[in-house]
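Student: Structure incoming, see below.
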Amino acid sequence: MNWPDAQLNEIKSRDDLAAYLQDLAKAISDGRVALENPSTKDFVDASARWAKAMDGFFKNVIGEPVPDSPSWAMIAAIFRAAVTYE
């Protein structure tokens, strides 16, 4: 799969996912990422909504159907969808 966010293409393992999420948390803390959903509840809700509606993203951006089994990169993409990089 070829993600439009190059960082997601590098995530191949659980350790890669953990490092990505740690970097994402630091970017949020440092102000490099603007949270569209500043509360934990809203962030989790936004991630859930994106996961539920990602058929359109896969069809229109990735050009493939949503895989039956998620990859580590797909899990990162769900978190990535709930933030905005400046």
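The values are calculated or read from the model by the stated rules, or taken from the named source; none is laboratory data. The shown structure was predicted, so the numbers you read here are calculated from the model rather than taken from an experiment. Note that we place each Cβ from the backbone using ideal geometry, even for glycine, and neighbour counts take in every protein chain shown. Quick note on the areas: whole protein, heavy atoms, side chains included, nothing else; ligands and nucleic acids left out. Shrake-Rupley method; radii C 1.70, N 1.55, O 1.52, S 1.80 Å.
Student: Collect the residues in the stretch 1-35 that are open to solvent by 100 Å² or more (accessible area, probe 1.4 Å), modelled with pLDDT of 90 or more and within 24 Å of GLU64 (Cα to Cα), keeping them in residue-number order.
Tutor: Correct list: GLU10, LYS12, ARG14.
Student: Another question about this same structure. Which residues, counting only those in the stretch 36-69, are open to solvent by 50 Å² or more (accessible area, probe 1.4 Å) and outside any helix (DSSP H, G or I)?
Tutor: Correct list: GLU36, PRO38, ALA53, GLY63, GLU64, PRO65, ASP68, SER69.
Student: Hey, another quick one. Output yes when any residue across the stretch 27-35 is of a type in the set (Lys, Arg) and part of a loop (DSSP other than H, G, I, E, B), and no when none is.
Tutor: Yes, the stretch 27-35 contains a residue that is of a type in the set (Lys, Arg) and part of a loop (DSSP other than H, G, I, E, B).
Student: Take ALA76 and decide whether it is at pLDDT below 85 and under 18 Å from GLN7 (Cβ atoms).
Tutor: No, not satisfied.
Student: Among the residues of the stretch 7-22, are any of a type in the set (A, V, I, L, M, F, W, C) and either touching a residue at least 60 places away in the same chain (Cβ under 8 Å) or in a loop (DSSP other than H, G, I, E, B) (or both)?
Tutor: Yes, the stretch 7-22 contains a residue that is of a type in the set (A, V, I, L, M, F, W, C) and either touching a residue at least 60 places away in the same chain (Cβ under 8 Å) or in a loop (DSSP other than H, G, I, E, B) (or both).
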